[in-house]
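Enquirer: Below are the structure tokens for one structure; questions will follow.
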């Protein structure tokens, strides 16, 4: 099975399945989280036992790649091939299931969310101290955090607009640039980031094992992304112990069972950010919302669904 890091950790917690990551030989079930040529090559020997967890849909290229409008017909054609090659597509959200269905594939779709490993992200005072040292922040700083690739889709420019309007906090964005110069708006974003004031920090890519410390260092998490499916960063932030402000998207309306803080636009983000900084009762309400929302992504429930699917596929 080829899995993402969270599901690998989750499945290895018990000894009821053997997990091989990118290994040689033949397993009982082939489970992939990637959709490149390697998916077709490795999956060729697993007819009837190919599982694909779908993290990316055609709409994911909007605001991620330049000239995405011209690329969309090819992207839809390619993803239809990818989804159709799988025997089961795991949709990580209702919006993903909708996207797969709209491509008219005949593949079976099973909805299983991404898990949140609560014990991994839960902060301690020591983690907070270490995280602030890592980021070069003072104990007295109020820290607003953003996490995501530096691209238009992630709302990083909105994050900078919010920072401009809220001068009594430090704004930290943890980012990577996996597409490099092929990222939509990268030159525009680089110029804007270079002009940002002293209370805004761009960390670059952080190691995965550093992220619990980064979350623990922050007081508030902003997630101004314009398109997501089942994003882990805001759930990890909530599990760490801070309020999260989402953009008001239909994806989240379909996905989340519980209420959450949301803003329609940049002024809305600014208003909620200021209120959370200065209104302790509202801040505590935001914390409670985060606690409730992560319960929907309980690791044990998700693990049970995965293992049941594996046994079912292997018995066919």
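Here, each number is a calculation from the coordinates, and none is a lab measurement. Remember, it's a predicted structure, so these values are computed and weren't measured experimentally. Neighbour counts run over all protein chains shown; Cβ positions are idealised from the backbone, glycine included.
Enquirer: Quick one: compute the contact order of region 118-297, relative version, from alpha carbon pairs under 8 angstrom and 6+ residues apart, as a percent.
Expert: The value is 26 percent.
Enquirer: Hey, what number do you get for the chain at 222 nm if only DSSP H runs of n ≥ 4 count, each worth -39500 (n - 2.57), divided across all residues, to the nearest 500?
Expert: Taking each H run of at least 4 residues, the total per residue is -13000 deg cm²/dmol.
Enquirer: If you don't mind, another one. Listed highest first by mean packing, meaning other Cβ atoms within 10 Å per residue, what order do 283-291, 236-244 come in?
Expert: 236-244, 283-291
Enquirer: Project the alpha carbons of the chain onto their principal axes and report the range along each, largest first, in whole Å.
Expert: Reported extents, whole Å, longest axis first: 59, 46, 33.
Enquirer: Once the piece of chain linking residue 98 and residue 45 is laid out straight, how much longer is it, given 0.36 nm per residue of separation minus the C-alpha distance between them?
Expert: Roughly 16.2 nm would be gained on extension.
Enquirer: Another question about this same structure. If you build a Gaussian network model of the chain, linking Cα atoms that sit under 10 Å apart, which residue out of 53, 273, 107 swings the most?
Expert: Of the options given, 107 has the highest mean-square fluctuation.
Enquirer: Compute the distance in nm between two label points, each set 7 Å from the Cα along the Cα-to-Cβ direction, one at residue 207 and one at residue 28.
Expert: Between residue 207 and residue 28, the simple spin-label model gives 3.5 nm.
Enquirer: So if R0 is 51 Å, what FRET efficiency would residue 167 and residue 315 give, r being the distance between their Cβ atoms, rounded to the nearest 0.05?
Expert: In this case the efficiency is close to 0.25.
Enquirer: On a 0 to 90 degree scale, rounded to 10, what angle separates helix 156-165 from the longest Cα axis of the chain?
Expert: With rounding to tens, the tilt is 20 degrees.
Enquirer: Separate question: What does the extension gain come out to for residue 281 and residue 119, with contour length at 0.36 nm per residue minus their alpha carbon separation?
Expert: My answer for the length gained is 55.7 nm.
Enquirer: May I pose another question? Using R₀ = 22 Å, calculate the FRET efficiency as 1/(1 + (r/R₀)^6) where r is the Cβ-Cβ separation of residue 78 and residue 250; round to 0.05.
Expert: So, using R0 = 22 Å, E works out to roughly 0.35.
Enquirer: Let me check against my output: what whole-number percent is the relative contact order of region 220-307, with C-alpha pairs under 8 Å and at least 6 apart?
Expert: The normalised contact order for region 220-307 reaches 31 percent.
Enquirer: Quick check on region 118-297: take the gyration tensor over C-alpha atoms, sort the square-rooted eigenvalues as a ≥ b ≥ c, and tell me if it's rounded (a/c under 1.5), prolate or oblate.
Expert: rounded
Enquirer: While we're on this one: With contacts defined as alpha carbon pairs under 8 Å and 6 or more residues apart, what's the relative contact order of the chain in percent?
Expert: The value is 18 percent.
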